[in-house]
Amino acid sequence: MSGLESYINHSVSIITADGRNFIGTLKGFDQTINIIIDECHERVFSTSSGIEQIVLGLHIIRGDNIAVIGLIDESIDSRLDLANIRGEPLGPVVH
């Protein structure tokens, strides 16, 4: 059993190798960790204008592009004021 099976139907954050951050409900994955997430949105960080959320809906992310997958605590996430949070965008993963 993969460790990701316990994440099915839960909110997850996925950081990709190019530094993008996707939030959504994990719906499935395969043996190469290609990920299907529903109600997906990308969070785009900025040092000047807060966090922008781009709604994507149902989204597939290739497994070879995933750097980190983690569970989201929905009670904490819902209280965040994303418009007032500033941060540097993540850079790409360097091997």
ask   = Assigning unit charges at the beta carbon (Lys, Arg +1; Asp, Glu -1) and nothing else, what dipole magnitude in debye, to the nearest 20, does the chain show about its Cα centre?
value = 120
key: the chain, accessible area per residue, ligands and nucleic acids excluded (1.4 Å, Å²)   = 63
message = Charges on Cβ only, +1 for Lys and Arg, -1 for Asp and Glu, centred on the Cα centroid of the chain; of Pro92, Gly70, Phe22, which one is farthest towards the dipole's positive end?
response = Pro92
ask   = Excluding ligands and nucleic acids, what accessible area in Å² is computed for Thr25 using a 1.4 Å probe, to the nearest 10?
value = 20
ask   = How much of the accessible area of the range 23-95, probe 1.4 Å, is carbon plus sulfur, in whole percent?
value = 54
ask   = Computed from these coordinates, which is Rg/Rh (Cα atoms, Kirkwood Rh): (i) 1.35; (ii) 0.93; (iii) 0.97?
value = (iii)
message = Need one number: nm distance between label points at Arg79 and Asp18, each 7 Å from Cα along Cα→Cβ, rounded to one decimal.
response = 3.5
message = For a quick check of understanding: with a 1.4 angstrom probe and all protein chains in place, what accessible area in square angstrom does His10 have, to the nearest ten?
response = 90
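The values are calculated or read from the model by the stated rules, or taken from the named source; none is laboratory data. Quick caveat, the model's predicted, so the values are computed rather than measured. Cβ sites come from the backbone with ideal geometry, for glycine too, and all protein chains shown count toward neighbours. Just the protein is used for accessible areas: all its heavy atoms, side chains included, with ligands, DNA and RNA removed. Shrake-Rupley method; radii C 1.70, N 1.55, O 1.52, S 1.80 Å.
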